[in-house]
Amino acid sequence: MLEASTHLFNIVWPSHLFSRKNFRKLWLNLHLILALTVGFEFVILGLTGSCNVFYYELNELFLPPLPAASQPQPRSLDSIMQTVKASHPQRTGGWSMVLPGYQSDYVWVKYPKPEETKDELYGPLEILVDPYSGTIVAEHFWGRTVISLVYEVHAALVTGKISAEIGKIGFKVVCFFGVFLFVSCLSGLYLWWPRGGKFKQALTVKLHSSPQRFYFDLHKTIGFYSSLLLLVIAFTGFAFGYKDAIKPLVNYFSAVKADHLKNPGLKSTALDLSPAISIAQAIVIADQVFPHAELRGLDTPDGKEGVYMVAKRQADEAYRQSPRSKVWIDQYSGKVLAVQDPRRFTAGETFLNLLWSLHDGEFLGFPGRVLWFTVGFAPLALYITGILRWLQKRRAAAMKLAKQASTCN
């Protein structure tokens, strides 16, 4: 009976299909198909991603230098906000401020939904202010400068500039490329795995070998050394667009009670003849909640029912530019309406909270960002060496067929 069952299985699923040679060929073909179909997209996303790691620094690269120690005291944020509003009196909604000290030297003041870009997926007005003189040194709409356009290519292939709805589709498409990159990395690792345990040979490049061997060695070594980070980047990139698919898996291991990236939808209660508190007063109130945390940014109230949001960074937070320690404050009474403390997140919420800093290397500080910047060039190197190696093999196969044909004749 057992022999009959085995014979039947071999008829339906011939054993030779599962041989090591055929299994390796399957992965090789999959790896090749991904390279030829979406490999160039990996190159674009890698190069633009490297640029995005230093988005703030690149935007400030050609701005006038800040004064030296002659003006050690920066202007108050209330004063800076008054200057910005006076320059844009028609913009009556809420503003966001990102403070200097990490990635940037200037105060970044952003208006999230300007009339000029209201139909785009994302198009804030970004204004850069000298923190000492309080003067505006630069301003632009997102996607209208080279650096922000590069970011737009990375995020949604510029589809967000067509319309918000098309941009959402483009964003989903870009995020789904993370699946292809993840599979490409896994298949590459399987093909790289050395037979007979010859790991030293598999991890080195023979510099004085033939072009064929040199390109092959370069491809496999770059692929191996960059694979771990590329897998992380691929997974996190996918998770940005498909968090609803990731949450149930994370929730299985640790409860995810809230989405801490969303605004809690709080409102201020207007009091009769009560003026709104100042930015400085809102910061003082937030300091009482997080007394030892660094002030990194804030949102001003959006309309009469809007609230202040003050963002501070505690010492152990992965995020430095956009930390998660936040305090929401009623703009009239100064009452603390809500507090977000990353130290109280569940393990699952902490994991989801880390996705962005894992995607750009920020959780490791400046060295991490440099490392992620470098890895962004790996898809380009892998694409070039992979295509060259593929062309070499095609030429070799063509020459072999030609030789066989001449022999037969």
ask   = With (1) among the small types (Gly, Ala, Ser); (2) in contact (Cβ under 8 Å) with a residue 12 or more places away in the chain; (3) farther than 26 Å from residue 230 by Cα as the list, and residue 365 as the residue in question, which single condition is left unmet?
value = (3)
ask   = Given the structure, is residue 149 crowded, with 20+ Cβ neighbours inside 10 Å, modelled with pLDDT of 95 or more, aliphatic (A, V, I, L, M) and not assigned by TED's automatic domain parsing to the domain that holds residue 233?
value = no
ask   = Hey, residue 270 hits all of (1) under 30 Å from residue 392 (Cα atoms); (2) surrounded by 12 or more Cβ atoms within 10 Å (Cβ to Cβ); (3) touching a Phe, Trp or Tyr at 6+ places or on another chain (Cβ under 9 Å) but one; which does it fall short on?
value = (1)
Residue check, residue 313 under 23 Å from the mean Cα position of the chain (by Cα), closer than 22 Å to residue 55 by Cβ, touching a residue at least 60 places away in the same chain (Cβ under 8 Å) and buried (at least 19 other Cβ atoms within 10 Å of the Cβ) = no
request  = Please work out which one of (1) free of Cβ contacts under 8 Å to residues at least 12 places away in the same chain; (2) in a helix (DSSP H, G or I) is the condition residue 38 fails and give its number.
outcome  = (1)
note = Only one of 183, 174 is under 20 Å from residue 356 (Cβ atoms) and assigned to a helix (DSSP H, G or I), namely 174
query = For the range 143-161, does any single residue satisfy the condition of being in contact with an Asp or Glu (Cβ under 8 Å, 6 or more places away or on another chain), farther than 18 Å from residue 297 by Cβ and without any contact (Cβ under 8 Å) to a residue 40 or more places away in the chain?
reply = yes
inquiry  = On the basis of being at positive phi and loosely packed, with under 14 Cβ neighbours inside 10 Å, does residue 365 make the cut?
reply    = yes
key: Boolean, residue 215 is in contact with a Leu (Cβ under 6 Å, 6 or more places away or on another chain) and of a type outside the set (Gly, Ala, Ser)   = yes
remark   = Of 293, 338, the only residue that is crowded, with 18+ Cβ neighbours inside 10 Å, among the aliphatic types (A, V, I, L, M) and under 28 Å from the mean Cα position of the chain (by Cα) is 293
message = Exactly one of these conditions fails for residue 360: (1) out of contact with any strand residue (DSSP E or B) (no Cβ under 7 Å at 6 or more places or on another chain); (2) among the acidic types (Asp, Glu); (3) modelled with pLDDT under 95. Give me its number.
response = (3)
task = Could you tell me whether residue 216 is farther than 17 Å from residue 350 by Cα, of a type outside the set (Asp, Glu) and either in a helix (DSSP H, G or I) or in the same structural domain as residue 35 (by TED's automatic domain parsing) (or both)?
result = yes
request  = Kindly provide the set of residues from the range 156-188 that are in contact with a helix residue (DSSP H, G or I) (Cβ under 6 Å, 6 or more places away or on another chain) and among the small types (Gly, Ala, Ser), ordered by number.
outcome  = 156, 160, 167, 170, 178, 184, 187, 188
ask   = Would you say residue 79 is closer than 17 Å to residue 138 by Cβ, modelled with pLDDT of 95 or more, surrounded by fewer than 16 Cβ atoms within 10 Å (Cβ to Cβ) and hydroxyl-bearing (Ser, Thr, Tyr)?
value = no
task = Quick one: in the range 318-377, of everything that is in a strand (DSSP E or B) and in contact with a Phe, Trp or Tyr (Cβ under 6 Å, 6 or more places away or on another chain), which residue is nearest to residue 94 (Cα to Cα)?
result = 329
request  = Go through 283, 329, 277 for me and flag whichever is crowded, with 17+ Cβ neighbours inside 10 Å, in contact with a helix residue (DSSP H, G or I) (Cβ under 6 Å, 6 or more places away or on another chain) and not aromatic (Phe, Trp, Tyr).
outcome  = 329
key: Residue satisfying all of: in the range 167-191; aromatic (Phe, Trp, Tyr) and surrounded by fewer than 16 Cβ atoms within 10 Å (Cβ to Cβ); nearest to residue 24 (Cα to Cα) among these   = 190
request  = Please work out which one of (1) modelled with pLDDT of 95 or more; (2) crowded, with 16+ Cβ neighbours inside 10 Å is the condition residue 27 fails and give its number.
outcome  = (1)
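The values are calculated or read from the model by the stated rules, or taken from the named source; none is laboratory data. Fair warning: this is a prediction, and the values are worked out from it, not measured in the lab. Methodologically, a virtual Cβ is constructed for each residue, glycine included, from the backbone with ideal geometry; neighbour enumeration extends over all protein chains shown.
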